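The values are calculated or read from the model by the stated rules, or taken from the named source; none is laboratory data. As the structure is a computational prediction, the values presented were derived from the model and not from experiment. As a convention, Cβ positions derive from the backbone with ideal geometry for all residues, glycine included, and neighbour counts pool all protein chains shown.
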Amino acid sequence: MKRNYRSILAVLILAAGISAFAVHQRRVQQDREAKERVTLQAMNYVLQNFHYHPQILNNKFSEEVFDEFIKSIDGGKRYLLQADIDSLARYRHDIDDEIRTLRFDFFDLAFRLIAKRQKEAEKIYHELLDERLDFSLNDSITWDYDKLSWARNRSELKNRWRKALKYSILTDMQQEWAMQADSLPKKDLLSFREKGRKNAKKNFDQLFENLHELERADYMAVYLNTIARMYDPHTNYFKPADRERFDMDMSGSFEGIGARLQKEGAYTKIVELIPGGPAWRGGKLEVGDIILKVRQEDEKEPVDAVGMRLDKLVKLIKGPKGTTVYLTVKKLNGNIEVIPIVRDKVILEETFAKSLLIKHNGKTYGYILLPKFYHNFDDKNDRNSASDMRKELKKLLENGAQGVIIDLRNNGGGSLADVIEIAGDFIDRGPVVQVENQDHQRRTYKDPNGGILWDKPVVVMVNELSASASEILAAALQDYRRAIVIGGDHTYGKGTVQRFVDLTRIAGVKSMGNLGSLKWTTQKFYRITGKSTQRRGVVPDIKLPDRYRYLKISEKDEKHALPYSTIRAAEFKPWNGYTNLDQTISVLQQAVDTMLIFKNLDSLARWFARNSERKTYPLNKDAFQALMKRNKQIANHLDSITRYENHLHFESLPQDTVGRMQDTVFTSQRKRWIENLGKDPYVEQALRALEMLKTTKP
């Protein structure tokens, strides 16, 4: 009897425990659901009421969110089946209604389906490891996923994973095969394949391990960000951890390689190299390179980066100073290369304005590199780009510089206040930029200081990656006829202003914890002529072909980019200090058009564009090797015909070298900087423009 009583008591206690756990789980779920609803409500409130260009929540909006979110969670179409897409399609026109009513039916179903299919894909991958992959078949893999249909069944899906495995093995073994495979006996060739299989297993194990780590909150952040990006490319939702990473943005003080990464479907691309960082100093990693694999110096085999979470990839790439990380990347020219990078402290000083003297034909000129428009608004005593630029200009004047080149190439922008001050150093008085908000209220920002600090010739260098504040400065100096702008066909074309807001503050509910942040577009800026830089950028006075010329990397190539528009011109008086501005532009452009180096650079740009657009790769070993060999030969040829020496003489300013000649980091960086400038044909043309410009007192 006692035994039965104890058994019954144990069952009751167990039942009570299960019931309590179930109640707890329900509460957790209810709290999570409430937090998601409040976050969506706060985000939608800001976007609908304060975004420069609020979107109409309708069926079209819903369709775009549907397509983009599906692409975000399965861009390579290797998990979901056509039946899943058909099941989700019933929500295709309902997402706008769900946003208004704070429901997540579409998201909930998509989350359940992708979680289920990822588990099934992992089983498929393990099955494939037991198969013998045939590299003699005339097969291929495509990266053009938009044109790829969804797999109808498990068999079709398995074939896609088979191709992915084969491509992973081919890219991993390509370098060794390129040197040896043609002469290897059959036995050794089989060992190569077995090594490739082991590498692939390790890589794909890592992929699925990363997928296992994804939580509902990660997918929810992707979903909310998908909604935000429907407004424009620069409007984004950031979950708390992502906001912290954004603030650091891999350009702060950290030990790593100094590069900014961006996820594009299953792949991660280099979108910025931090000036002075190890990757920038190495000169081999470039903007546009796609990271395929990562290997640590103490590991023999690399980890596959395809499909990896961005935060996980960043952690793999970052590491202690002095250690080496090996990145396998797909270059713009189509080559696959392994690039070793020794991690180091990313020196912030290299992102600050700095200058050199150029001695040429018995005269002295100045060169200023401004990598970004920096300003620490939380610390008034910290350095900012406006005050630093003023210091560099004064030092150049003290050293007798008769003209200055301002290099804004690859400068993605920054502080609006700083660019206005900097422009003011070159004009007496007048407007610098116009800004318009959502209600079409306009404000003109003027030079805050009277007088001209620099009344000598000015040339501004830009390229397709010069954006935002860079475009404001280049446009203002061009409109005032104060400077010759020289560079690619146009600058980036970002004519918008963003702000951050804490959604927890908007919601007014601290009990739910951190809801994340929203970066949203609040204004458009316009040139003093009333024209916008949005989409069109700034068109240089003198156009020089560069490697970005034919690539689709500008604002106009972004989905949902805001349209070009114009407003009324501001009143301003152009500078009349040049006597031959138009003549200089005309003569120099004609000269540039006939120069062999720029014709060769145009050929290089076309080659980069063709290879960046390649979407299909052979999975036949011989065909793959032949393609890589051909790409390498063409790339080597183009590299040889675009090497250049401008024979200009650059010097550090005496003020910069005092007490620093024993600083090995400073001297090595300065030496490398000067060496690279000596190979730069664009700086040479900028100097020619300075030499040709004639001034008179305005």
### Task
Answer yes if at least one residue in the stretch 304-327 is closer than 27 Å to residue 466 by Cβ, out of contact with any Cys (no Cβ under 7 Å at 6 or more places or on another chain) and not hydrophobic (A, V, I, L, M, F, W, C), and no otherwise.
no
### Message
Condition first: farther than 14 Å from residue 304 by Cβ, charged (D, E, K, R) and touching a Lys or Arg at 6+ places or on another chain (Cβ under 8 Å). Now tell me which residues in the stretch 148-178 satisfy that.
### Response
160
### Task
Taking the options 586, 603, name whichever one is in the same structural domain as residue 631 (by TED's automatic domain parsing) and within 30 Å of residue 432 (Cα to Cα).
586
#### Entry: Test for residue 464: is it in contact with a strand residue (DSSP E or B) (Cβ under 9 Å, 6 or more places away or on another chain), in contact (Cβ under 8 Å) with a residue 12 or more places away in the chain, in a loop (DSSP other than H, G, I, E, B) and over 30 Å from residue 397 (Cβ atoms)
yes
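So that you can scan it fast, the table gives a plain yes or no per residue for (1) part of a loop (DSSP other than H, G, I, E, B); (2) modelled with pLDDT under 95; (3) of a type in the set (Gly, Ala, Ser); (4) assigned by TED's automatic domain parsing to the domain that holds residue 145:
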site: 22; (1), (2), (3), (4): no, yes, yes, no
site: 28; (1), (2), (3), (4): no, yes, no, no
site: 33; (1), (2), (3), (4): no, yes, no, no
site: 66; (1), (2), (3), (4): no, no, no, yes
site: 76; (1), (2), (3), (4): yes, yes, yes, yes
### Query
Of 310, 285, which residue is in contact with a strand residue (DSSP E or B) (Cβ under 9 Å, 6 or more places away or on another chain), farther than 25 Å from residue 163 by Cβ and not assigned by TED's automatic domain parsing to the domain that holds residue 552?
285
### Message
List the residue pairs whose Cβ atoms are under 9 Å apart, where the first residue sits in the stretch 138-153 and is over 15 Å from residue 164 (Cβ atoms), the second is among the aliphatic types (A, V, I, L, M) and assigned to a loop (DSSP other than H, G, I, E, B), and the two are 6 or more positions apart or on different chains.
### Response
138/619; 150/80
### Tally, over the stretch 28-56, of residues that are closer than 11 Å to residue 100 by Cα and among the charged types (D, E, K, R)
1
### Summary
Quick count over the stretch 480-492, residues being in contact with a Ser or Thr (Cβ under 8 Å, 6 or more places away or on another chain) and crowded, with 24+ Cβ neighbours inside 10 Å, is 4
### Query
From the list 98, 156, 120, which residue is within 21 Å of residue 620 (Cα to Cα), of a type in the set (D, E, K, R) and at pLDDT 95 or above?
156
### Extreme residue, nearest to residue 613 (Cα to Cα), among residues of the stretch 133-159 that are among the basic types (Lys, Arg) and part of a helix (DSSP H, G or I)
147
### Message
Tell me the residue from 366, 412, 319 that is in contact (Cβ under 8 Å) with a residue 12 or more places away in the chain, outside the structural domain of residue 164 (by TED's automatic domain parsing) and touching a helix residue (DSSP H, G or I) at 6+ places or on another chain (Cβ under 7 Å), please.
### Response
366
### Message
When you scan the stretch 214-236, do you find a residue that is out of contact with any Gly (no Cβ under 8 Å at 6 or more places or on another chain), at pLDDT below 85 and not aromatic (Phe, Trp, Tyr), even just one?
### Response
no
### Task
Mind listing whichever residues of the stretch 658-682 are part of a helix (DSSP H, G or I) and out of contact with any strand residue (DSSP E or B) (no Cβ under 7 Å at 6 or more places or on another chain)?
664, 665, 666, 667, 668, 669, 671, 672, 673, 675, 676, 681
### Message
Within the stretch 529-563, take every residue that is in contact (Cβ under 8 Å) with a residue 60 or more places away in the chain and of a type in the set (Ser, Thr, Tyr) and give me the one that is nearest to residue 230 (Cα to Cα).
### Response
554
### Task
Would you be able to say whether some residue in the stretch 412-435 is surrounded by fewer than 20 Cβ atoms within 10 Å (Cβ to Cβ), of a type in the set (S, T, N, Q) and either over 30 Å from residue 553 (Cα atoms) or modelled with pLDDT of 95 or more (or both)?
no
### Task
Being touching a strand residue (DSSP E or B) at 6+ places or on another chain (Cβ under 8 Å) and acidic (Asp, Glu) is the filter; apply it to the stretch 132-176 and report the residue that is surrounded by the fewest Cβ atoms within 10 Å (Cβ to Cβ).
144
## Note on the structure
Per the list (1) more than 20 Å from the chain's Cα centre (by Cα); (2) surrounded by fewer than 17 Cβ atoms within 10 Å (Cβ to Cβ); (3) touching a residue at least 40 places away in the same chain (Cβ under 8 Å), residue check on residue 325 breaks on (2)
#### Entry: Test set (1) aliphatic (A, V, I, L, M); (2) more than 25 Å from residue 350 (Cα to Cα); (3) at pLDDT 95 or above; (4) surrounded by 12 or more Cβ atoms within 10 Å (Cβ to Cβ) - residue 686 fails condition number
(2)
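For (1) touching a Cys at 6+ places or on another chain (Cβ under 9 Å); (2) at pLDDT below 95; (3) of a type outside the set (S, T, N, Q); (4) closer than 21 Å to residue 55 by Cα, each residue gets a yes or a no:
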| position | (1), (2), (3), (4) |
| --- | --- |
| 489 | no, no, yes, no |
| 496 | no, no, no, yes |
| 501 | no, yes, yes, yes |
| 514 | no, yes, no, no |
| 518 | no, no, yes, yes |
| 524 | no, no, yes, yes |
| 528 | no, no, yes, no |
| 531 | no, no, yes, no |
### Query
When only residues in the stretch 78-124 that are of a type in the set (Lys, Arg) and not in a helix (DSSP H, G or I) count, which is nearest to residue 155 (Cα to Cα)?
78
### Message
Against the condition touching a Ser or Thr at 6+ places or on another chain (Cβ under 8 Å) and under 20 Å from residue 332 (Cβ atoms), how does residue 616 come out, does it pass?
### Response
yes
### Task
Working only within the stretch 287-322, note down all residues that are under 17 Å from the mean Cα position of the chain (by Cα), at pLDDT 90 or above and not in a loop (DSSP other than H, G, I, E, B).
290, 291, 292, 317
### Task
Give the number of residues within the stretch 272-309 that are touching a Gly at 6+ places or on another chain (Cβ under 8 Å) and more than 19 Å from residue 369 (Cα to Cα).
2
### Query
Any idea which of (1) surrounded by 14 or more Cβ atoms within 10 Å (Cβ to Cβ); (2) in contact with a helix residue (DSSP H, G or I) (Cβ under 7 Å, 6 or more places away or on another chain) is the one residue 58 doesn't satisfy?
(1)
### Message
Just to be sure before I move on: is residue 608 touching a helix residue (DSSP H, G or I) at 6+ places or on another chain (Cβ under 8 Å), outside the structural domain of residue 170 (by TED's automatic domain parsing) and buried (at least 18 other Cβ atoms within 10 Å of the Cβ) in the structure I sent?
### Response
no
